[in-house]
Structure formats: C-alpha cells, structure tokens
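Peer 1: After the structure tokens below, expect a handful of questions from me.
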Amino acid sequence: MRRWTRWLPLLVALLVVLAAALFARHRMIEPTDIGHLCDAGRGPWWCDLRLAIIMSFSRGWLGWFVLGAGLVATVLRWRWLAVCAALGGVAGLVLYQFVFSAAGLLLGLLVLARPAQLVRFPR
C-alpha cells in the first residue's frame, strides 16, 4: 500500500468538514435575511441547528473542545481523539474560533503524524 493512501480517509473527512463549515457560515449564519427569518420564532426546522452553531462559537465551546481534545490526544496518544481534534479544528477555523482551534488542530495533526507505537509489556 502506498504511504499517501493511508492518509486518504482523513483528507476526505477534512474536506467534508471544511465544506460543511463553509456552507454553515456562508449560507446559514451570515445572510441577514435568514437571520430575520429565524428571529421571528416561526422559522423552519433548521433554525435550531443554526442557533446551536452560533452558540458553539459565540460562547467559545467549539474552540475549547478542540483545544481540549488536542491536549488529551497529545498526552495519551489517542489517535481517534487526534482525528476529532483535527476535524473540529478545521470547523473551528472557519467558524470564528481561530486561536484555540488552530492550536487543537496542530496538536491533533502532530499526534497523527507520529507513527503508532507498539505497547510492550514487561516480562
């Protein structure tokens, strides 16, 4: 197997999260007419999803989650949590959480870049 094909699923997932975050930002959050539609209280079902996305970055929840996931993944070497940090970091960079998301993204990618270690038990 070629070395780059090992990273292909992660790259595809990163692109999907990037596209979803860009769609949420430019089609759901920033347009003022959608904001007026959802503020009336009688908006479509996705207005609750829009509100949850806005709350996640206005309160800093997304950035803190990504930074925490990156730190825990770095300390414990959990690759699945590093993937969560990388995916959340991409979304956070697009959704206004620059500092914490960038740090969590880099920590997650550093864990993923290092080869997995075999656990050896003492005899």
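The values are calculated or read from the model by the stated rules, or taken from the named source; none is laboratory data. The shown structure was predicted, so the numbers you read here are calculated from the model rather than taken from an experiment. All Cβ positions, even for glycine, are placed from backbone atoms using ideal geometry, and neighbour counts span all protein chains on display.
Peer 1: For region 30-53, which residues satisfy the criterion of being touching a residue at least 12 places away in the same chain (Cβ under 8 Å), of a type in the set (A, V, I, L, M, F, W, C) and in contact with a helix residue (DSSP H, G or I) (Cβ under 6 Å, 6 or more places away or on another chain)?
Peer 2: Passing the criteria: 38, 53.
Peer 1: Looking at 94, 90, 66, 99, which is the one that is β-branched (Val, Ile, Thr) and either more than 10 Å from the chain's Cα centre (by Cα) or over 24 Å from residue 29 (Cβ atoms) (or both)? Show your work before the answer.
Peer 2: Values: 94 fails: either more than 10 Å from the chain's Cα centre (by Cα) or over 24 Å from residue 29 (Cβ atoms) (or both); 90 fails: either more than 10 Å from the chain's Cα centre (by Cα) or over 24 Å from residue 29 (Cβ atoms) (or both); 66 fails: either more than 10 Å from the chain's Cα centre (by Cα) or over 24 Å from residue 29 (Cβ atoms) (or both).
Result of the check over 94, 90, 66, 99: 99.
Peer 1: Can you tell me which condition residue 79 does not meet? The list is (1) surrounded by fewer than 16 Cβ atoms within 10 Å (Cβ to Cβ); (2) of a type outside the set (A, V, I, L, M); (3) modelled with pLDDT of 90 or more; (4) under 21 Å from residue 25 (Cα atoms), and all the others hold.
Peer 2: Against the list (1) surrounded by fewer than 16 Cβ atoms within 10 Å (Cβ to Cβ); (2) of a type outside the set (A, V, I, L, M); (3) modelled with pLDDT of 90 or more; (4) under 21 Å from residue 25 (Cα atoms), residue 79 comes up short only on (4).
Peer 1: So for region 27-43 (the condition being surrounded by fewer than 14 Cβ atoms within 10 Å (Cβ to Cβ), hydrophobic (A, V, I, L, M, F, W, C) and more than 22 Å from the chain's Cα centre (by Cα)), does at least one residue qualify? Talk me through it step by step, then tell me what you get.
Peer 2: Kept after step one, since they are surrounded by fewer than 14 Cβ atoms within 10 Å (Cβ to Cβ), are these residues of region 27-43: 27, 30-33, 36, 39-42.
Within this subset, residues satisfying the condition of being hydrophobic (A, V, I, L, M, F, W, C) are 40.
Filter once more, so that each one left must be more than 22 Å from the chain's Cα centre (by Cα): 40.
Yes: region 27-43 contains one or more residues that are surrounded by fewer than 14 Cβ atoms within 10 Å (Cβ to Cβ), hydrophobic (A, V, I, L, M, F, W, C) and more than 22 Å from the chain's Cα centre (by Cα).
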